[in-house]
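Notes to accompany the following structure.
A short reminder: the numbers here are calculations on the coordinates, not readings from a lab. Owing to the predicted nature of the structure, the values given are computational and were not obtained by experimental measurement. Every residue, glycine among them, receives a Cβ derived from its backbone with ideal geometry; neighbour counts consider all protein chains shown.
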Amino acid sequence: MNHVIIGAGIAGVTAAQAIKETDNDADIVIIGKEDFAPYRRYLLSEFLCDSIAKADLTFASVESIKDMGIKFRRGQSARLINPTEKWVQLDNNDVLHYDRLLIAAGGQPNLGHVLRPFLKHIQRYYTLKDVMVLKKKMAGIRKCIVFGEGFSCLDLLASLYNLGKDVTFITKRESVELPLAEPGFNSGLREFLEEKGIEVITGDQVTAISKFRSHFRVMTSKHGDLYGDIVFAWEQYKPYTACIKDTGIEKKTGILVNERLETSVKDIYAAGDCAQIFHPALQDYWINFGWPNALEQGEIAGRNMAGGNEVYNIHEVLAFNIMGKELKARWWE
Ligand SMILES: Cc1cc2nc3c(=O)[nH]c(=O)nc-3n(C[C@H](O)[C@H](O)[C@H](O)COP(=O)(O)OP(=O)(O)OC[C@H]3O[C@@H](n4cnc5c(N)ncnc54)[C@H](O)[C@@H]3O)c2cc1C
C-alpha cells in the first residue's frame with residue numbers, strides 16, 4: 001500500500017512510524033516543506049535562549065527515517081491534491097500516487113489585512129529557520145515590540161525576557177487573557193508580566209510599521225508611536241489548509257475529521273494542528289492544538305491508515321510552563 005504524508009512535523013513523522021510498525025511492507029513518502037530534519041518545534045524558544053543546542057531539537061534524524069524504509073522528500077512542498085485520481089503534485093511538479101494520504105501540515109501565524117503590507121518589517125517566529133535568523137540579530141537588539149495574543153505570544157515574551165531584552169507587549173484585547181483551565185491566573189497576568197519588567201499595552205492595535213533610521217517605528221491607534229529594534233506581530237494562529245483547495249475536503253478553520261481522523265474524502269486523513277476534530281460532547285469541531293496532541297493524533301492516524309479502527313479522544317487541557325509558572329491551557333477554543 002502507498003502512503004503519502006504531507007508535513008514532516010511530529011504528527012506526520014509519528015504517523016509514518018506507526019504505519020511502518022503495523023505494516024512493514026508499506027511504501028511511505030513524507031513530504032516536508034522545511035529544509036531541516038524533523039525537530040521539536042515547542043523547544044524553539046529554548047534554542048533561541050541558548051538553553052539547548054540546535055542538534056537537541058531533532059527528534060528524528062534523516063538517517064533514522066531512511067533506516068525505517070521511509071522516503072523523506074525534504075525541502076519540498078505539496079501543492080495540489082487530486083482525490084479522484086489519488087495523487088499529490090509537489091512544487092517541483094513531481095507527482096506521487098497514494099492509496100492513503102495524510103495531511104499533517106500544521107498551523108501558521110497569520111496577519112490580518114491591516115498588517116499584511118508591513119510584512120517585510122515583521123520578524124517571523126514559527127520555524128527553525130525563523131529562529132536561526134533571529135539568533136543572528138539578537139546581539140544587536142535591545143528594544144522588542146510584540147503585538148499579538150495567546151500562548152505563542154506569551155512564549156515569545158518569556159524568551160525575550162530570559163534574554164534580558166526590553167519588551168513592550170501590545171494586545172487588541174482589553175485585558176491580558178489566556179484560555180486557561182484555571183482562569184484565576186488571568187486576573188493577575190498583566191501584573192505578572194509587568195513585575196517582570198514587560199510594558200503592557202491593552203486594547204490597542206498596530207496600524208503601521210516603518211523603518212526609522214536603524215530602528216522601526218510602530219504606529220498604534222491609541223498609544224501613539226513606539227520605537228523598537230525589532231517587531232514581532234501576528235493576529236492569530238491558523239491551521240494550514242492551502243493544499244486542500246479544490247479537493248472537496250470539508251473545512252472550517254481547520255480540516256474537518258471524524259474521531260478516526262478521516263476527512264470527508266475517502267482515504268484522506270488529517271492530524272495535528274491542521275485538523276479540526278469532531279468533539280462528541282460539544283457536537284462540534286475542535287482544534288486539539290499542541291505537541292502531545294499532534295503526536296497522539298499522528299499515531300492513531302498512522303495505525304488507521306494501515307488498517308486500524310482507533311478513535312482519538314480529545315484532550316481539553318494542555319499543561320505547560322511559562323517563566324517558571326506551571327499552567328494548564330485550553331488552547332485555541
Ligand atoms: C514557539 C513555539 C512554542 C510552542 N510551545 C509549545 C508548548 O510549550 N507545548 C505544546 O504542546 N505545544 C507548543 N507549541 C505548539 C507545537 O509545536 C505544535 O502544536 C506542534 O508542533 C504541531 O505539530 P504538527 O505536526 O501538527 O505541525 P507542525 O509542527 O507545524 O508541522 C507541520 C509541518 O508541515 C509542513 N508543511 C506545511 N504545509 C506543507 C506542504 N504543503 N507540503 C509539505 N510540508 C508542509 C510545515 O512546514 C511543518 O514543517 C509551540 C509552537 C511554537 C511555534
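Listed values, structure above:
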{"read-out": "Percent RCO, i.e. relative contact order, over the chain, from Cα pairs under 8 Å lying at least 6 residues apart", "value": "20 percent"}
{"read-out": "Mean residue ellipticity (222 nm) of the chain, computed from DSSP H runs ≥ 4 via -39,500 (n - 2.57), nearest 500", "value": "-6000 deg cm²/dmol"}
{"read-out": "Extension reserve of the ASN162-ILE52 stretch, reckoned as 0.36 nm per residue once the Cα distance is removed", "value": "38.2 nm"}
{"read-out": "For the chain, share of DSSP beta bridges that run antiparallel, in % to the nearest 5", "value": "50 percent"}
{"read-out": "Cα→Cβ-extended label distance, 7 Å offset, between VAL133 and GLU250, nm", "value": "3.8 nm"}
{"read-out": "In nm, spacing of pseudo-spin labels at THR84 and ASP67 (7 Å Cα→C-beta vector)", "value": "4.5 nm"}
{"read-out": "Percent antiparallel among DSSP beta bridges (both partners in segment 111-236, rounded to 5)", "value": "45 percent"}
{"read-out": "Degrees separating the helix 151-162 axis from the principal Cα axis of the chain, which is the longest one", "value": "50 degrees"}
{"read-out": "Residue (of ILE52, ASN92, MET68) at the positive-pole extreme of segment 40-100, dipole from beta-carbon charges", "value": "ASN92"}
{"read-out": "Given charges at beta-carbon only (K, R positive; D, E negative), |dipole| of the chain in Debye", "value": "1340 debye"}
{"read-out": "Degrees between helix 128-138 axis and first principal axis of the chain (Cα, 0 to 90, nearest 10)", "value": "20 degrees"}
{"read-out": "Alpha carbon convex hull of the chain, volume per residue in cubic angstrom", "value": "139 Å³"}
{"read-out": "P(r), alpha carbons of segment 111-236 - 5 Å bins starting at zero, rounded %", "value": "2, 10, 22, 25, 21, 13, 5, 1, 0"}
{"read-out": "Farthest positive-ward along the chain dipole, Cα basis, beta-carbon charges - from TYR269, THR247, THR14", "value": "THR247"}
{"read-out": "Segment 36-88 and segment 241-314: distance between their alpha carbon centers, rounded to Å", "value": "19 Å"}
{"read-out": "Per-pair calculated FRET efficiency, R0 = 45 Å: ASP99 and LYS222 via Cβ, rounded to 0.05", "value": "0.20"}
{"read-out": "Amide H within-cut-off set for PHE72, under 5 Å, with H built and near neighbours excluded", "value": "ILE30"}
